[in-house]
Structures are given as structure tokens and as C-alpha cells.
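I have placed the structure first, in the form of C-alpha cells, so that the comments after it can refer back to it.
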Amino acid sequence: MERIAIINYNMGNLHSVGRAVQHVAPMAQVDITSDPKVILNADRVVFPGQGAARDCMGELYRLGLAEVVLEAAKTKPFLGICMGMQVLMQHSDENQGIHCLGLYPGQVKHFSGAHANLPAGERLKIPQMGWNQVWQVQAHPLWKGIEDGARFYFVHSYYVAPENAGLQAGVTDYGVHYTSALAADNVFAIQCHPEKSSRDGLRLLENFANWSI
Amino acid sequence: MGLAKRIIPCLDVDNGRVVKGVNFVGIRDAGDPVEIAARYNREGADEITFLDITASSDDRETMAHMVEQVASQVFIPLTVGGGIRKLDDIRRMLNAGADKVSINTAAVFNPDFVREASDYFGSQCIVVAIDAKRVNAPDEPLKWEIFTHGGRKGTGIDALAWAEKMVEFGAGELLVTSMDRDGTKSGFDLELMQALNERVNVPLIASGGVGSLQHLADGILTGKADAVLAASIFHFGQHTIGEAKAFMAEQGIEMRL
């Protein structure tokens, strides 16, 4: 039986992610787990997350999962969601600066810096909360059946800025034109919440469940 | 193009069942929260808010169970309000599948609860509900006060200052209900929304008073709200969410269609 592990490090809506994954992969065994063995033995790994970068990194170290996440990201279909995308970068500006997992060179930045780009009198609400468009800038199996510019549900105040533009799989505009999805080898990571993005979100999760590297 | 404005239908829940007459063609049981939520999802609702109006706190489990059933079938953001008083109430709802909780009375009586809740669970899931009523005399500058108990009890707290404080304490979003307009079908209190929009920089949901599609559009265009919440206009089949979205998009509002 196909095993999909959802990494549990006490950060956010793991059960929502679990329910959505189970919904699109009814035959799979979906484990919400902090057990390194279960994670490393799974066929696919989902790395969700919500909350502050400091707390996320703290919990990953406390549970001994930092290396496990990196190992999984090197070896099997791996989906980062929201914070699970951000902490793959080198460094986050959140909480006065936090060193992250460093899988990809680049920073995690706050939207407030984007205010300078806006016309006079306009401002961005922070967090960005709601449905925004994801423009596909790289063909990828996870986009299958999803229209370019489809709307997904976002909740975040920080966004990733990878140094290597070749990692970009999707971009979104919110005061700044930012990377809302990235892809490299067996890793796909997305800033929005596919588990809460209705039909297109479920399609993306289904594509992940069927993704063969 | 960018972030869309949101339409949020609000459902009252008593003992795990949706109450206050939801009346759709093609629904077998008008009180079934899963059927109703699925219907709103199909029509294009951007989120759904459930308001727990059960009087006794023993029924938290019933509410959590209901949220779990909905969350297993309907994959859009869900907010639960009503009776959220302790960190444990929040944990239970989030584990059941809620994405946000809305804190109202508990915030008024214990503002630090908002700080604790946002520190612990993150601002992204903490909505503070603000029930405001105009208290200025007609010839005075506009002034709103926070009311509790469905608008019956004043607190003496200035609504704008309160909103600012709640955001400082970590509220990720404000759900603003005009107690003057609630149930009147005469439209949102647009001046209240404008005043709040000047004061705080988190997303604002306008609530209270919707009687027509124009009211929804006005909440965004004139009130500067980021989202509009309504109940009866959708429940009784007066309008579908799809109609509301098409109407708002025609007025130049960015919507998820």
C-alpha cells in the first residue's frame, strides 16, 4: 500500500492537510507522524506548517526532524506547504532573523518591504489572506489539470525569494511579484494552502499523490 | 490582478445543526451542516463561518464533531465563532478542521486571551469579532462603542481604539459587525468600516445589515472591507453566492469566479 507521511512538528493544520490528502488518495495509508522511521519509509512526504519561523525551526530541532526533512527532500516525492516551503530556504527575516534548513539559497522576506512599490495612498493588508492567482512559470506534473492563473487560498506575511530563479514553478502578485511555488527534482513547494483551495487545491494534492519521479 | 475580495456565508449552529432556516432547492435536510457547506462551496463561497449559538458549553464536543464532518468533505477555509473562551477551545476546533476561530466576548473580558491565543496558535487563525454600535449624538463626531450580549450591553470601550489594541495583541483579522445595522437589511455601516480601515492594517470582514447585492459591493468599494459576510440573503435563496460574485465583478471588484 502506498504510504504518505505528513510530518507532524506541532505547527498548524496537520489534520486538515491529512484529511485532504486522504480525500484524494483514498487507498493510501496517510500517517500524521513525527517518527523519523515512518517518515523515511514513506513513499511520499508532505511537509506542512503554520506559525512563526522561530517556533517551526525550534520544534524541528527539538523533535530531531531537521535532518529527516532534508533527507526526505533528497529522496522521495516531497511537498512543502506554507511554512513547510519557507523553512526550506536558508534564512528567514521573521523573529529578528532565523536560520532555516538551507536546502535552497535564498531569503524569506516580509511583505512590508513591498509597500514602496505601491502607488501613493495604497497599502497592503498583512497578512495576505484570501484567494490569489498562481501563474505557472514552469511546466510541472503537479499543475496537470489546473489552469494557469488559478486561484488558491493564501494566508501569510512572509514570502520566499530563492536566489536561483530556475526554482520558480509559480508566481503570484501581492505588492511584489513573488515565488508562490518552487520545484526542483523530487521537491515541490507551495506557499498557499492546497488543502483549503477547493477543487484546484485538491487537484494539486491528487497530482502529488500520483507524481512519479 | 491579485488578491480577490471574499464572500463569506455565515451559518448559525445549535447543537451541531444549522438553524435559522437555510432553504435551498435540492437539499434533503435543511439543517445538515455538511450538505449546506458543500452547497456553498459549489456556489463559490470563499470561506464559511459557523457561529455556535448553543447556550451550554457542554456542547463544545458536538460543535467539534460537526466541524470535523464538514472539514472532511468541504475543502475551503472554515471559521468557528461563539463560545471560544480558552486555549483548549481553540485547539479542539483547529484539530477538528477549523482554520480560524473568532473570539468575541472572551476578548472583551480578558484581552490577554487574544495575545495568548495568537502567540500559541499564530495570528493567522485568530479572528477577533468586534460588535460596535454608534454612540455619538447626531451633532457630534462619529463614535462607536463595543457592545456585548448581542448588542444589549455597552462596555464603554471605544471601538476604534479597541480594534487597534486587538491587532497589537495579535488578531490576524477583524470581523466587524454593526449592531445598528444587524438584521435591518439596510446595508453595512460603511463609515465604521472606513474608520477601521484607516486605523488598522489587517484584513477586515464587514458584517451586519446586508439586504441586497449592492450592499455587498458597497462594503468593498466604499467601506474598503476585504471580505463581506452575510447570512439571510443567501440562506433563503434570495441570491446565490455565484450571483453575488458576478454582480460584484461587474462593478470592478476582483473576485474568484
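Using only the alpha carbons, work out the radius of gyration and Dmax of segment B:116-257 in angstrom.
Cα only, segment B:116-257: 15.3, 44 Å (Rg, Dmax).
Roughly what % of DSSP beta bridges within chain B run antiparallel, to the nearest 5?
25 percent
What is the spin-label model distance, in nm, from B:Val34 to B:Glu116 if the labels are put 7 Å beyond Cα along the C-beta direction?
3.5 nm
Direction-averaged shadow area of the convex hull around the Cα atoms of segment A:3-209, nm²?
Average of the hull's projected areas for segment A:3-209 equals 10.5 nm².
Give the percent of DSSP beta bridges with both residues in segment A:3-209 that are antiparallel, rounded to the nearest 5.
60 percent
Let me check I have the definition right: for chain B, take the eigenvalues of the Cα gyration tensor, multiply each by 5, take square roots. What are those semi-axes in whole Å, largest first?
Working from the Cα gyration tensor, I get semi-axes of 26, 23, 17 Å.
According to a simple spin-label model (label point 7 Å from Cα along Cα-to-Cβ), what is the distance in nm between A:Trp135 and A:His110?
It works out to 2.7 nm between the two label points.
What whole-number distance in Å separates the alpha-carbon centres of segment B:74-119 and segment B:205-257?
That distance is 25 Å.
How large is the translational diffusion coefficient of segment A:1-125 in µm² per second when you combine the Kirkwood radius over alpha carbon pairs with Stokes-Einstein at 10 °C and 1.306 mPa s?
Stokes-Einstein gives a translational diffusion coefficient of 103 µm²/s.
Shape verdict for segment A:31-94, please, from the Cα gyration tensor: rounded (a/c under 1.5), prolate (a/b greater than b/c) or oblate.
It is prolate, given that a/c is not under 1.5 and a/b is the larger ratio.
Label B:Arg42 and A:Asn10 with points 7 Å out from Cα along Cα→Cβ: what is the distance between them in nm?
A separation of 4.2 nm, rounded to one decimal place.
Mind jotting down a quarter of the surface of the convex hull over the alpha carbons of segment B:47-184, in square nanometres, one decimal?
Approximately 8.7 nm², given one-decimal rounding.
First obtain the Kirkwood hydrodynamic radius of segment A:101-210 from its Cα pairs, then insert it into the Stokes-Einstein equation at 10 °C and 1.306 mPa s, and state the resulting D in µm² per second as a whole number.
Result for D is 110 µm²/s.
Normalized C-alpha radius of gyration of segment B:47-125, against 2.2 N^0.38 Å?
Working it through for segment B:47-125, the quotient is 1.02.
Between A:Thr33 and B:Asn15, what is the FRET efficiency for a Förster distance of 35 Å, r being their Cβ-Cβ separation, to the nearest 0.05?
0.50
Can you list the aspartates and glutamates whose alpha carbon sits under 18 Å from that of B:Lys153, skipping same-chain ones fewer than 8 residues off?
Straight-line reach from B:Lys153, under 18 Å: B:Asp131, B:Glu145, B:Asp180, B:Asp182.
Does anyone have the angle between helix A:198-210 and the longest principal axis of chain A? Alpha-carbon axes, 0 to 90°, nearest 10?
50 degrees
Hey, any idea what Rg/Rh is for the protein assembly as shown, computing Rh the Kirkwood way over Cα pairs?
That ratio is 0.96, to two decimals.
Divide by every residue of the protein assembly as shown the summed helix terms, -39500 (n - 2.57) for each DSSP H run of at least 4, and state the resulting mean residue ellipticity at 222 nm, rounded to the nearest 500 deg cm²/dmol.
-8500 deg cm²/dmol
Rounded, prolate or oblate, given the Cα gyration tensor of segment A:122-178, with a/c below 1.5 counting as rounded?
oblate
Please work out whether segment A:94-147 counts as rounded, prolate or oblate from its C-alpha gyration tensor, where a ≥ b ≥ c are the square roots of the eigenvalues and a/c under 1.5 means rounded, while otherwise a/b larger than b/c means prolate and anything else oblate?
Because a/c hits 1.5 or more and a/b fails to exceed b/c, segment A:94-147 counts as oblate.
Pairing the Cα long axis of helix A:14-24 with the longest principal axis of chain A, what angle in degrees results, from 0 to 90 and rounded to the nearest 10?
70 degrees
Would you mind checking the pairs A:Lys125/B:Lys165; B:Lys5/B:Lys100; A:Lys125/B:Lys224; B:Lys133/B:Lys165; A:Lys144/B:Lys245 and listing those with alpha carbons more than 23 angstrom apart?
A:Lys144/B:Lys245
Any read-out appearing in this document is the output of simple, stated calculations on the displayed coordinates, not a laboratory observation. Just so you know, these numbers come straight off a predicted model, no measurement behind them. Backbone-built Cβ (ideal geometry, glycine too); neighbour counts: all protein chains shown.
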